[in-house]
Ligand SMILES: Cc1ncc(COP(=O)(O)O)c(C=O)c1O
């Protein structure tokens, strides 16, 4: 029997997410926090565990964590939905509001999962090219957002992989004009850019998507969204009951409580980003795109694949395959590491580009 023939035709050609098979490399490819998870936080997480954390099903809504996130954001817990990473919430939004005959609008280049979850949920993805400096092409975007079949638009701010953000005022203009949902994905907001959070009080069709991954909890998979209760109510009908586990809920609560420790790491990452931008920009032939995130997009004067491989051969893993528009074929993305990691990266990329 050909199992492949049984698969839904519209997802038959999807490619499984590629694991990172490299060990013993400096890992600057996945926009993670390079600093160790603070011992003090680990101790407090473990001291907060009761026997029940492992034996009983978790609280399906994660009410304590939801409340604490709501307090931090100045909204009620009913405006918060937790996800198994924000990736799961992207899928949940499209499962709830998308589907066959519906459209999702995506300004590109951007994070690839919006389109992939569009395909998985049978939602047609409409890609709207960004402007040359990676800003939103407002008239073109607005036209697609106003199409009656459009249900959702995803705007990443700061955007992955380009690193630029979007003014909240511009988002406000778009959200106000359309009859569909606008998701502002603020996965990198702790590193810079203007938040659109205050706008959720004004617009019931705005969703703010966030994650604990980039500040140091990528392994525990907690993302969340903030939106009007008319939106969260619908999403909760579709959400898997136990999508976030009890251990990760406890861990995220301690991370929020000890936020000052993470804030210090974030400040170091931002300072290193600025240094890395300057140093990369000094390399002949390299173009650096200004970033508000914890990574930097840069263009190289040689085929990006080849540069990627040669940097990897020297022990540093960065990110390639960023898209085939806007000249991104010639671009690579490096996550900001520790000072030592960044120094090794700079040394290796200079060596590769001068050879
Ligand atoms: C813009 C953006 N959104 C969401 C995610 C997903 O993050 P997570 O599922 O770890 O919360 C990423 C991860 O790279 C991202 O770049």
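Where a number appears in this text, it was derived from the coordinates with a stated rule and is not lab data. The model shown is predicted, which means the values in this text are computed figures rather than measured ones. Because the Cβ atoms are built from the backbone with ideal geometry, glycine has one as well, and the counts that use them run over all protein chains shown.
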- Expressed in nm to one decimal, what extension gain is obtained for the pair residue 124 and residue 218 from 0.36 nm per residue of sequence separation less their Cα-Cα distance? 30.9 nm
- the stretch 108-225: projected area of the alpha-carbon convex hull, averaged over directions, in nm²: 7.3 nm²
- Full-stretch length increase - residue 313, residue 140 - with 0.36 nm per residue and alpha-carbon distance subtracted: 58.0 nm
- Message: Suppose only helical runs count, i.e. DSSP H with n ≥ 4. What mean residue ellipticity at 222 nm does that imply for the chain under -39500 (n - 2.57) per run, divided by all residues and rounded to the nearest 500 deg cm²/dmol?
- Response: -11500 deg cm²/dmol
- Note on the structure: Here the FRET efficiency for residue 56 versus residue 17, based on Cβ atoms and R0 = 41 Å and rounded to 0.05, is 0.85
- Note on the structure: the chain: relative contact order from alpha carbon pairs under 8 Å, six or more residues apart, as a whole percent, is 21 percent
- Query: Using a simple spin-label model with points 7 Å from Cα along the Cα→Cβ vector, what separation in nm is obtained for residue 24 and residue 264?
  - Reply: 3.4 nm
- With label points built 7 Å along Cα→Cβ from the Cα atoms of residue 347 and residue 5, find their separation and express it in nm. 5.8 nm
- Message: Using the alpha carbons of the stretch 1-120, what is the convex hull volume per residue in cubic angstrom, as a whole number?
- Response: 240 Å³
- Mind jotting down a quarter of the surface of the convex hull over the alpha carbons of the stretch 39-259, in square nanometres, one decimal? 11.7 nm²
- Provide the percentage of antiparallel DSSP beta bridges, counting only those with both residues in the chain; round to the nearest 5. 45 percent
- The rounded separation in angstrom of the Cα centers of the stretch 103-123 and the stretch 138-168 is 12 Å
- Query: Label residue 132 and residue 242 with points 7 Å out from Cα along Cα→Cβ: what is the distance between them in nm?
  - Reply: 5.5 nm
